[in-house]
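J.: Handing you this structure, nothing more for now.
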Amino acid sequence: MAPYRGRLLRAWRVLFACATVPVTGRQSLHILPDSELLSMSLDQYNEVLKKSKLSHDPAKVQMVKRVGERIAKATENFLREEGMESEISSYKWEFNLIEDDKTVNAWCMPGGKVAVYTGILPVTEDDTGLAVVIGHEIAHAVAKHGNERMSQGLLAQLGAIGLSAALSTHPGPTSEIFMAAYGVGANVGLLLPYSRLQESEADHIGLILMAKAGYDPRQAIPFWERMNKKGGERPPEFLSTHPAPETRIDEIRAEIPEAMRYYKGH
């Protein structure tokens, strides 16, 4: 079944336009209009917030918004520099802190809809550690990994079907694919073989975003070391699709010199 799915995805890459991931230059499959994903993102984000308990700790909430807004501004500058200025208008930034100390996770939906769980704050420790996380999650949005995951998920599970049609005929499975594609959940199932590459790209782009926002990208290494220790035998959601800890840290260490060129605080 796996070889067949691979041939199917390669065939659809020929039929549908591919997008180029910033920084890495990788070609990725996108069969869904970004406008439809933006609309669905707003609905799903609001639904998550309704079902969640938002933190009322003013210091923690302000930290998330403060770091988020700095990364958002850096992201818009990054998009201008990458010739993607037309996409800035699609970002309606929102940063919320969800009160859940057992969930070590964060995610970003299309349009800059970001959620951070209180369970990850002991690992981030400070603004710079949080910048690693938020930069990484926003990097997923910039690289349009969600569109790629949704495209792969719809093809693998529902066949060649547009998002509107999928929502109409298979609303439950389509919503599940969407939530998994953006990391809102524990397991991405069939998408796992692809997501490790995407996670590495998000690490790479995230380093640049945090550096442009004035956060020292060198601090990404101790953050990931703390996260790996937190994982133990059962890794938190935030680690579920990442490369092996040693591999990730080695890759980040190799990418730091590039990110340092954007860092004005050293």
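The values are calculated or read from the model by the stated rules, or taken from the named source; none is laboratory data. Note that the structure is predicted; figures quoted are calculated from it, not measured. Using ideal geometry, Cβ is built from the backbone for each residue, glycine included, and neighbour counts are taken over all protein chains shown.
J.: Name the residues in segment 58-72 that are touching a residue at least 12 places away in the same chain (Cβ under 8 Å), over 20 Å from Val142 (Cβ atoms) and not basic (Lys, Arg), would you?
T.: Val61, Met63
J.: Also: Would you point out the residue of segment 255-266, among those that are in a helix (DSSP H, G or I) and more than 21 Å from the chain's Cα centre (by Cα), that is nearest to Asn77 (Cα to Cα)?
T.: That would be Met260.
J.: Is one or more of the residues making up segment 126-148 of a type outside the set (Gly, Ala, Ser) and surrounded by fewer than 18 Cβ atoms within 10 Å (Cβ to Cβ)?
T.: Yes; the residues of segment 126-148 include at least one that is of a type outside the set (Gly, Ala, Ser) and surrounded by fewer than 18 Cβ atoms within 10 Å (Cβ to Cβ).
J.: Restricting attention to segment 21-48, which residues are in contact (Cβ under 8 Å) with a residue 60 or more places away in the chain and either more than 21 Å from Leu79 (Cβ to Cβ) or among the hydrophobic types (A, V, I, L, M, F, W, C) (or both)?
T.: Of everything in segment 21-48, those that are in contact (Cβ under 8 Å) with a residue 60 or more places away in the chain and either more than 21 Å from Leu79 (Cβ to Cβ) or among the hydrophobic types (A, V, I, L, M, F, W, C) (or both) turn out to be Val21, Val23, Leu29, Ile31, Leu32, Leu37, Leu38, Met40, Leu42, Gln44, Val48.
J.: Tell me, please, whether a residue that is of a type in the set (Asp, Glu) and free of Cβ contacts under 8 Å to residues at least 60 places away in the same chain can be found in segment 127-146.
T.: no
J.: For segment 205-222, how many residues are part of a loop (DSSP other than H, G, I, E, B) and surrounded by 24 or more Cβ atoms within 10 Å (Cβ to Cβ)?
T.: Looking only at that region, the number is 2.
J.: Out of (1) at pLDDT below 55; (2) surrounded by 14 or more Cβ atoms within 10 Å (Cβ to Cβ); (3) in contact with a helix residue (DSSP H, G or I) (Cβ under 6 Å, 6 or more places away or on another chain), what's the single condition that is false for Ala186?
T.: Ala186 satisfies every listed condition except (2).
J.: Which of (1) at pLDDT 95 or above; (2) assigned to a helix (DSSP H, G or I); (3) surrounded by fewer than 22 Cβ atoms within 10 Å (Cβ to Cβ); (4) not aliphatic (A, V, I, L, M) does Arg226 not meet, given it meets every other one?
T.: That leaves (1) as the condition not met.
J.: I'd like to know if segment 84-97 contains one or more residues that are over 22 Å from Leu37 (Cα atoms) and either charged (D, E, K, R) or in contact (Cβ under 8 Å) with a residue 12 or more places away in the chain (or both).
T.: Yes, segment 84-97 has at least one match.
J.: Can you find a residue that is closer than 21 Å to Phe223 by Cα, in contact with a His (Cβ under 8 Å, 6 or more places away or on another chain) and either modelled with pLDDT under 95 or surrounded by 22 or more Cβ atoms within 10 Å (Cβ to Cβ) (or both) anywhere in segment 108-118?
T.: Checked against the condition, which is being closer than 21 Å to Phe223 by Cα, in contact with a His (Cβ under 8 Å, 6 or more places away or on another chain) and either modelled with pLDDT under 95 or surrounded by 22 or more Cβ atoms within 10 Å (Cβ to Cβ) (or both), segment 108-118 yields at least one hit.
J.: Within segment 102-120, can you find the residues that are touching a strand residue (DSSP E or B) at 6+ places or on another chain (Cβ under 8 Å) and closer than 18 Å to Pro58 by Cα?
T.: Correct list: Val114, Ala115, Val116, Tyr117, Thr118, Ile120.
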